[in-house]
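Structure first, commentary second.
No lab work stands behind these numbers, since they all come straight from the coordinates. It should be emphasised that the depicted structure is a prediction, and the values quoted were computed from it without experimental measurement. Don't worry about glycine lacking a Cβ; one is built from the backbone with ideal geometry, like all the others, and counts go over all protein chains shown.
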Amino acid sequence: MNNVSFDVMNARVTFKNVPLFALSKFAFKDVIAAAKEFKKIPGVDECVIIQTASRVEIFTVSNVKTEDSPDVRRAEGKTLVLNKIKDTWVSLSSLEQIDIDHFDQTLEVYKGDDVYLHLLRLASGVDSIVVGKQEVYDEIEEAFSKAKEEDLSGKILNKLFESVMRLSRRMRDSTGISNDVISLGDVAVKLVDEKAGLDAKKKVLLVGTGEPAAMIAKTLNEKEIKFDVTSRTLERATGFSTLLGGTPVNFDDVLAGFDKYDIIFVATTSDYFLITFDRIRLVMEEKKKGTLILDISDPRTVDEGITALPGIKLLFRDQVAEIYEESAKARSGIVPAIEKIIAKEIPILSATMQRLDS
């Protein structure tokens, strides 16, 4: 006897449990090719992968049509599918042994209604680095569209994603959560542009690989401004640049060639001064053109003493924080309204999906 039934599963690694610079190790070089490999796993019938600068998420449907035995919906069958997904993930990514050893602790796995809830929160804009950002919705829509074109999604995921996208558009429009969204990066780049002019001719450096640095990188990318990126280790800078752009540079090389940069964004979580008078004095003493440095680190990681060097102009976080925090506060006030709508829609969405399970 044949039964039409399914399990929807979401396995993900995001900025919430992995540093952004390390996320690239979990990413796939070719998302569509990876999805095709996951779909080859026995019991997996559909697959959509959402891969962005802040997350790698796999959505699968298992056992759309099965015989009574074997049944991947049984406990041992579900475990087998998940283990195969993990093995395939490892084979397609650049994970190191330490990452593989801790993969079970890193990977988040959800099924059923929890998947629907997560996807609604993500698409509506309440579960991203910058709340309300339209970019997140667009990334989901693009990922689903490509999977659909390649016949990687099917009856189940098509219904799920189409329903979620429709509901998310309605929530974004009715609450205005996507209106006038500005990130910390938008404000920082705008300030620097006003103070010193920011164009393709300027040599730009980004110091840091955390969430604030990611916001700056995204804004620079949107404006098509090339930049170098550095961190305390070249490995971090390289991992960050893989997903967020920029050319990775060793920090010691940055200090030695500090004079070649016109604009420097500093966005780190260091608890000591990374850039000091003594570290850059020799290389900066003879510089003819000015250098603008914006330090949005909290606490500050650029010593004010460097302003004694000729041509250096130094700006700090408080000059951008107020504008950004006002915007963030306005959107955070909308989040409860979104959550309330989601709470009402989840039972309806769940019932809609269950009707496919017959």
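General observations
- Residue-wise HN-Hα coupling along the stretch 165-171, computed from phi with Karplus coefficients 6.51, -1.76, 1.60 (Hz; x: Gly, Pro): 5, 5, 5, 5, 4, 5, 5
- By average C-beta atoms within 10 angstrom, highest first, the peptides 194-206, 51-63, 217-229: 51-63, 217-229, 194-206
- Taking amide H as placed 1.01 Å from N in the peptide plane, residue 107 has no amide H partner under 5 Å among residues 5 or more places away or on another chain.
- The calculated FRET efficiency for the pair residue 351 and residue 179, based on their C-beta separation and a Förster distance of 30 Å, comes to about 0.40.
- Listed values for the stretch 184-195 are Karplus-derived 3J(HN,Hα) couplings in whole Hz (6.51 cos²θ - 1.76 cosθ + 1.60, θ = phi - 60°), namely 4, x, 4, 5, 5, 5, 4, 4, 4, 4, 5, 7, and x replaces Gly and Pro.
- Under-5 Å amide H pairs with residue 295, H placed in peptide plane, nonlocal only: 266, 315, 316, 317
- In the chain, the convex hull through the Cα atoms has an average projected area of 19.0 nm², a quarter of its surface area.
- Overall form of the stretch 184-323 per C-alpha gyration tensor (a/c, 1.5; a/b vs b/c): rounded
- Nonlocal amide H pairs with residue 7, under 5 Å, H built at 1.01 Å: 62
- Rounded to whole numbers, the Karplus 3J(HN,Hα) couplings from phi for the stretch 272-282 are 8, 6, 8, 10, 10, 4, 5, 6, 10, 4, 4 Hz, using 6.51 cos²θ - 1.76 cosθ + 1.60 with θ = phi - 60°, and x at Gly and Pro.
- Student exercise, the stretch 184-323 dipole from Lys, Arg, Asp, Glu Cβ charges, in Debye to nearest 20: 400
- Each Lys and Arg Cβ is given +1 and each Asp and Glu Cβ -1; about its Cα centre, the chain then shows a dipole of about 480 debye.
- Eligible lysines near residue 146 by straight Cα distance, threshold 19 Å, same-chain separation 8 or greater: 29, 36, 39, 40, 155, 159
- Considering only the chain, percent of DSSP beta bridges that pair antiparallel, nearest 5: 55
- Contour minus Cα-Cα distance for residue 148 and residue 84 (0.36 nm per residue): 20.8 nm
- Antiparallel DSSP beta bridges within the stretch 184-323, percent to nearest 5: 0
- Sorted peptide list for 88-95, 348-355, criterion being average Cβ within 10 angstrom, highest first: 88-95, 348-355
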